[in-house]
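Accompanying notes for the structure given below.
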């Protein structure tokens with residue numbers, strides 16, 4: 001499965017926020033600089049994540065972005081669908097099948113999509129974080 005650059009940036013920014021232990025909102029400029037992402041593009045992505053209930057936005061001098069929920073309550077599927085829209089099996093399933101072969105193909109694609117959705121739903125942001133550093 002290939003992720004778009006937009007989804008990759010959304011995942012990267014979400015992981016940065018999940019890793020942040022300060023409890024304070026993180027400005028878009030900081031996320032962009034630390035994640036090597038274009039700030040104006042990232043701002044649009046972050047707004048989408050706010051709209052879909054993954055992030056919260058705080059205005060003001062100390063404003064920025066933070067997670068709405070804990071990292072183990074946010075799935076990779078949620079992030080992908082917040083950016084790309086619902087994952088579906090494509091055009092074949094959207095049209096009524098005209099014959100038995102097309103019906104079988106449509107059913108197979110729906111099964112694949114369903115499997116992929118379950119897999120992506122099972123992957124939580126917390127699982128994608130690097131392990132914490134060992135105490136010295």
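So for the chain, averaging the separation of alpha carbon pairs under 8 Å that are six or more residues apart and normalising by length, what relative contact order in percent results?
27
Take 117, 59 and order them by how many other Cβ atoms sit within 10 Å, fewest up front.
Working: 117 17, 59 8.
Going from least to most buried by this count: 59, 117.
By average Cβ neighbour count within 10 Å, what is the ranking of 67-79, 17-29 from highest down? Spell out each step's value before the answer.
Working: 67-79: 16.8, 17-29: 14.9.
Descending mean neighbour count gives 67-79, 17-29.
Angle, helix 39-51 long axis vs. longest principal axis of the chain, Cα atoms, 0 to 90°, nearest 10?
70
Kindly express, to the nearest 10 degrees and within the range 0 to 90, the angle between helix 100-122's C-alpha long axis and the longest C-alpha principal axis of the chain.
Taking Cα atoms only, the helix is inclined about 20 degrees.
Could you work out the helix-only [θ] at 222 nm for the chain, with each DSSP H run of four or more residues adding -39,500 (n - 2.57) and the total divided by the number of residues, to the nearest 500 deg cm²/dmol?
-17000 deg cm²/dmol
Calculate the spin-label point distance for residue 40 paired with residue 123, positioning each point 7 Å from the Cα along the beta-carbon direction, and give it in nanometres.
Placing both labels 7 Å beyond Cα along the Cβ direction yields 3.1 nm.
Can you tell me what percent of all Cα-Cα pairs in the chain are more than 20 Å apart?
52
Take peptides 128-135, 8-15 and line them up by average Cβ neighbours within 10 Å, highest first, as a rough protection proxy.
Taking the mean over residues of other Cβ atoms within 10 Å, the ranking is 8-15, 128-135.
Rule-based calculations on the coordinates, nothing more; no lab input. These numbers were taken from a predicted model, which means no experiment stands behind them. Backbone-built Cβ (ideal geometry, glycine too); neighbour counts: all protein chains shown.
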